[in-house]
Amino acid sequence: MNTGSDASAPAGTGGGDVTGELARQLSELARELRRQPDMESTLTEIVHAALSLIPEASEASISLVRARRRVESRAASGDLPRTIDALQTETGQGPCLDAVFRQRIVRVPSLRDEARWPDFARRAWDAGARSMLSIQLFVERDNLGALNLYGSEVGEFGEESEQVGLLVAAHAAIALSDAQEISNLNAALLSRDVIGQAKGILMERHKLTAHEAFLVLSSASTKTNTKLIEVAEQLAVRGDLATRRSPSCEASPPREGNPPEPR
């Protein structure tokens, strides 16, 4: 990158033009992340940006830790990140897990010589991983996320990589929070529409009020231990309230204080 000054100056540690260029790139990243239409696109854009901006990163992925144990690779740039995440799940150890549970950032100069997670490190080295940098993105109840970066050689990541990585992660965390909020809103609107369709079917078919139709759906959900939205989807798509306990539903107006029961 030719910025008109010493291009070798580390970002954020001097070399005003270089620092200014990094700020411009991060600003563009923020705008690009806001333009993404969904969560998957946001994850992919974050990984692309990490590979472009963080020095010495040759592979990258976002790892989501489910139920505080299972590590799931998302938007991986190749097979190596997916393999390493699978090893962290299997061994219950590794830099991603440490980054989300114990430290915000974990640098691994050499997996060949790493003593913090001996089983994981040995198997990760055999799989082709040489050096790693893991940065926490978010912690939300039992769901956690980290940005994982991989170097093609030992000792690839230094202070500059950490500094730029933390800046990218900060933008990524905000974008992921916004994308999740939008996703939740869309899901809620979709659920409301589907439940409304199912209520309409019951109201028309059995001459029920809106409240009575909702009670029919709620009763079917409770008796079959099925989410209300799934009961509604089945009725809207298949036209019936077939459940594990009964092949059909005969709705009738509810008695006072008791919801009608599908039979």
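For (1) in contact with a Gly (Cβ under 9 Å, 6 or more places away or on another chain); (2) of a type in the set (Lys, Arg); (3) farther than 14 Å from residue 63 by Cα; (4) assigned by TED's automatic domain parsing to the domain that holds residue 48, each residue gets a yes or a no:
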site	(1), (2), (3), (4)
107	yes, yes, yes, yes
113	no, no, yes, yes
125	no, no, yes, yes
128	no, no, yes, yes
131	yes, no, yes, yes
144	no, no, no, yes
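When the stretch 68-102 is limited to residues that are free of Cβ contacts under 8 Å to residues at least 12 places away in the same chain and under 24 Å from residue 139 (Cβ atoms), the one that is surrounded by the most Cβ atoms within 10 Å (Cβ to Cβ) turns out to be 90. If only residues of the stretch 156-188 that are over 19 Å from residue 36 (Cβ atoms) and loosely packed, with under 15 Cβ neighbours inside 10 Å are counted, the one that is modelled with the lowest pLDDT is 188.
The values are calculated or read from the model by the stated rules, or taken from the named source; none is laboratory data. This one's a predicted model, so the numbers in the text were calculated from it and none came from an experiment. Cβ sites come from the backbone with ideal geometry, for glycine too, and all protein chains shown count toward neighbours.
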